[in-house]
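Down below is the structure, laid out as structure tokens.
The values are calculated or read from the model by the stated rules, or taken from the named source; none is laboratory data. Note that the structure is predicted; figures quoted are calculated from it, not measured. Here the Cβ is made from the backbone with ideal geometry for all residues, glycine too, and neighbour counts use every protein chain on show. Side chains are part of the model used for accessible areas, which takes the heavy atoms of the whole protein and leaves out ligands, DNA and RNA. Shrake-Rupley method; radii C 1.70, N 1.55, O 1.52, S 1.80 Å.
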Amino acid sequence: MSEPAVKPSPFRAALSTALLSCGIAGEANAAQKMPSVEDLWKVIQQQQQEIEALKTKLGQTETVQKEVKQEVQDLKTANKAEAAAEPEKPGDTAIKKKAKSESDRKTDILAAEVEKLKTSLIIPEKREYKSMYGMAPAASQVYMNKRGLSIGGYGEFFYTNFQNDGVEKSLQRKNTADMARLVLYAGYKFNDWIVLNNELEFEHGSTGEGDEEKGEVSVEFSYLDFLFDPRANVRTGLMLVPMGFINEIHEPTFFHGNRRPAVEQLIIPTTWREMGVGVHGEIVPGLVYRAYGINGLNSEGFDSLGIREGRQGGSTAVAENLAFTGRVDYMPPELPGLMVGASTFVGDAGQGNVYMTAAGPQKPNVFTQLYEGHLQWHYRGFEFRALGAWGGVGDAAILSEAKGETVGSSNYGWYVEGAYDVLPWLWQGTTQYLAPFVRYQRYNTLATVPDGFTDYDGLYDQRIYQAGLTYKPITNIVIKADYQNISSGAGQLPGQFNLGVGFIY
């Protein structure tokens, strides 16, 4: 066995090289003096430094090679893990598979975000509730969307305990518990200037026929808004008549008391909507208007309670006679919380109807007019509201004779109310709301009657004294309690204690 080769040390190699160099130099110039030991030692030191530098460079190269090898190994490990989860497709390289995996991950994240965005467009996590273009806060949500579908609504239910003490037996009433209404708003914003808005209402918890004691399902409004310019926009479809406080904005969080004010149910027949077309806008800051041409009322429904049952509501409405309605409101920018305004409705309600009278068939000109003025002021926690309305009905004598009951030639109603949010005094910094309120109403649907007809001893000339509490734990929910004392020219009528809940969303 041969002995293993001995690796020369760097010093020995340097010494050999130096001696060889000296030997060659000596042969070439024999006369030259041989180098000293010090000279040889300097040469050896210089070469040793060069060798050490080469070794350092070699070590750095090996480190880089190790790092490259480790990266390659990591890449192979990742590819094997992906291959175990998803079999490798023929012809795909590891790099392609890694790029594909990263692309899929980003696509999944993007798809999830898009789905979340779609949901938020329909049901946003947070909403701002404010009235826009004459509509109630929840009904205005579609205007706040950038595009697409909007869903909202409201509801209210209450218990009524009738106080029959001292009331004539024929006028006494039984206590009730009523799911008064559940409403769905479904709007769609086609683009930044065309909006569809709809309200579907379910009344009294069910549906029925005839006297509607079991409730009904109705389209409260369904219209298109063409938002051309803040000063002039076009609205068409089944539209709310823009009169009073409640007819357009009748969500339960907007008014005090469980039941809507009687003046705004009978004199201004809430909820009143008709088919038509019109314009609306803001002329200058704070001055807004709405003006519509619509189908007229139908005098077939007029009775001693007024014009309320003459509403046609877009249900195959007779449109032989048309009508005009308009409204102007001013909210001075210098006085936030103040609003003053007026509205009107004029048009023939005869609709070509022929009525049988003692003088024979009659086709009356039932020119119907209604004028209304209102004022509202909110200052800090204080709220004040006042409204007055007057209406007239043409050829009321013909209607009264044909129907066998008195239809008033004129009617009127007014009310004032005040409320104050006391909760900030009891609970500083709270966002909840608790307001005692009082309201006084006076109305008469038979203010004047045709000659020869009765006003039923003032039965429809009524006064209502009302007081109660309105509590909102959050903006969307209201809990109400109120009491009404009701009297008429004919005597005392059943009082009411009402307790209920309302909500918007």
Take the residues of segment 153-180 that are among the small types (Gly, Ala, Ser) and under 18 Å from residue 492 (Cα atoms): which is surrounded by the most Cβ atoms within 10 Å (Cβ to Cβ)? 166
Which one of the conditions (1) open to solvent by 20 Å² or more (accessible area, probe 1.4 Å); (2) within 21 Å of residue 414 (Cα to Cα); (3) touching a residue at least 24 places away in the same chain (Cβ under 8 Å) does residue 227 fail to meet, given that it meets all the rest? (2)
Test each condition in (1) farther than 16 Å from residue 315 by Cα; (2) among the basic types (Lys, Arg); (3) in contact with a Gly (Cβ under 8 Å, 6 or more places away or on another chain) for residue 260 and report the one that comes out false. (3)
Kindly indicate the residue of segment 460-480 that is in a loop (DSSP other than H, G, I, E, B) and more than 30 Å from residue 399 (Cα to Cα) and also least open to solvent (accessible area, probe 1.4 Å) among those meeting that condition. 476
Boolean, residue 303 is over 19 Å from residue 246 (Cα atoms), in contact (Cβ under 8 Å) with a residue 24 or more places away in the chain, crowded, with 16+ Cβ neighbours inside 10 Å and of a type in the set (D, E, K, R): yes
Could you figure out which of (1) free of Cβ contacts under 8 Å to residues at least 24 places away in the same chain; (2) over 30 Å from residue 491 (Cα atoms) isn't true of residue 377? (1)
May I ask you to list the residues in segment 359-373 that are buried (at least 16 other Cβ atoms within 10 Å of the Cβ) and either more than 40 Å from the chain's Cα centre (by Cα) or among the β-branched types (Val, Ile, Thr) (or both)? 362, 364, 366, 368
Tally time: how many residues in segment 138-154 are closer than 9 Å to residue 185 by Cα and part of a strand (DSSP E or B)? 5
Which one is most open to solvent (accessible area, probe 1.4 Å) among residues in segment 264-300 that are among the aromatic types (Phe, Trp, Tyr) and in contact with a Gly (Cβ under 7 Å, 6 or more places away or on another chain)? 289
Which residue pairs have Cβ atoms under 8 Å apart, sit 6 or more places apart or on different chains, and have a first residue in segment 393-421 that is without any contact (Cβ under 8 Å) to a residue 40 or more places away in the chain and of a type in the set (D, E, K, R) and a second that is surrounded by fewer than 20 Cβ atoms within 10 Å (Cβ to Cβ) and assigned to a helix (DSSP H, G or I)? none
Does residue 457 meet the test of being open to solvent by less than 50 Å² (accessible area, probe 1.4 Å) and in contact (Cβ under 8 Å) with a residue 24 or more places away in the chain? no
Of all residues in segment 483-505, count the ones that are open to solvent by less than 50 Å² (accessible area, probe 1.4 Å) and closer than 26 Å to residue 131 by Cα. 4
Failed item, numbered, when residue 356 is tested on (1) open to solvent by 40 Å² or more (accessible area, probe 1.4 Å); (2) of a type in the set (A, V, I, L, M, F, W, C); (3) over 36 Å from the mean Cα position of the chain (by Cα); (4) modelled with pLDDT of 95 or more: (4)
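Condition check ((1) assigned to a strand (DSSP E or B); (2) over 30 Å from the mean Cα position of the chain (by Cα)) across all residues:
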position: 430; (1), (2): no, no
position: 447; (1), (2): yes, yes
position: 452; (1), (2): no, yes
position: 482; (1), (2): yes, no
Do we have residue 443 as in contact (Cβ under 8 Å) with a residue 24 or more places away in the chain and either within 17 Å of residue 262 (Cβ to Cβ) or assigned to a strand (DSSP E or B) (or both) here? yes
Taking segment 374-387 as the region of interest, how many residues are open to solvent by 30 Å² or more (accessible area, probe 1.4 Å) and either assigned to a strand (DSSP E or B) or closer than 12 Å to residue 242 by Cα (or both)? 7
Name, by its number, the condition in (1) among the small types (Gly, Ala, Ser); (2) open to solvent by 10 Å² or more (accessible area, probe 1.4 Å); (3) part of a loop (DSSP other than H, G, I, E, B) that does not hold for residue 237. (3)
